[in-house]
């Protein structure tokens, strides 16, 4: 089963929406880790939010959603690029057992970073002053973007599903439509969002509205790690650190924390990398 994102608009209104349901890509990401249930669920919400938000931004590149806090999960992040390829990770969360959002993340900041293929990075930051990820993102848009945005996000470790509504700013006279459609969407139940296909769910919520639903876009798990990126990361450690590791271990073994792909480098390969790095620095 492919994971699909469906965009939709309300005819004669300034409200647009997106529906996303993740199964295969969500499980692919979780299969590389052994997260406690609460962490797996929250990571599912992060993956949903990153993918849903990436579609609202007209760019080629990557959107990164990240929280660093002092709770049971020190760091959690998800990425989605303009090809709707997603990946995500939670660090240091092996003992996270709480079901409470604030206990899991503690006091911290939510950062939304846009990293375009061409141009400069942009990052917006907001404190974690909501009771859920959806509330925190809604607060971010209200404060930083001044754009009415609502999200409904749920995940259960095997399925993740979400809805996003956003009010287009150029037609403020339709504010009553925004309130009406938001109220309709607030009736969605967790089991409906997780279990119903997009067409059935949208009909259940909006059967009295005139809704145009666009063709689905496929979402997949994809890790952007590569030998070139790993080699660049090794070079950044510096000669002294690499030679110290080689003296202790005889070779350098590393793996990608997102997909667990393994990379192995002999002493000769490291010396060649260092030589290439020196050459690149000189020129």
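Assorted remarks:
- Residue pairs meeting the criteria (Cβ under 6 Å; at least 6 apart or on separate chains; first on the phi < 0 side of the Ramachandran plot, in the stretch 11-24; second in a loop (DSSP other than H, G, I, E, B) and surrounded by fewer than 24 Cβ atoms within 10 Å (Cβ to Cβ)): 11/210; 14/168; 14/171; 23/1; 23/159
- Looking across the stretch 17-29, the residues that are buried (at least 21 other Cβ atoms within 10 Å of the Cβ) and in a helix (DSSP H, G or I) come down to 25, 26, 29.
- The helices (runs of 4 or more DSSP H) falling completely within the stretch 122-232 that include 1 or more residues that are within 22 Å of the chain's Cα centre (by Cα) and under 23 Å from residue 29 (Cα atoms) map to 133-140, 190-195, 198-206.
- Within the stretch 165-189, residues that are modelled with pLDDT under 95 sit with their Cβ atoms under 7 Å from residues that are in a helix (DSSP H, G or I), at 6+ positions apart or across chains, in these pairs: 167/178.
- Any hit, the stretch 96-108, residues being in contact (Cβ under 8 Å) with a residue 24 or more places away in the chain and either within 13 Å of the chain's Cα centre (by Cα) or under 19 Å from residue 223 (Cβ atoms) (or both): no
- Residue within the stretch 41-54 that is surrounded by fewer than 21 Cβ atoms within 10 Å (Cβ to Cβ), in contact (Cβ under 8 Å) with a residue 24 or more places away in the chain and either in contact with a helix residue (DSSP H, G or I) (Cβ under 8 Å, 6 or more places away or on another chain) or not in a helix (DSSP H, G or I) (or both) present: no
- Residues satisfying the stated conditions in the stretch 56-95, i.e. within 11 Å of the chain's Cα centre (by Cα) and not in a strand (DSSP E or B): 84
The values are calculated or read from the model by the stated rules, or taken from the named source; none is laboratory data. This one's a predicted model, so the numbers in the text were calculated from it and none came from an experiment. Glycine gets a Cβ as well: all are built from the backbone with ideal geometry, and neighbour counts include every protein chain shown.
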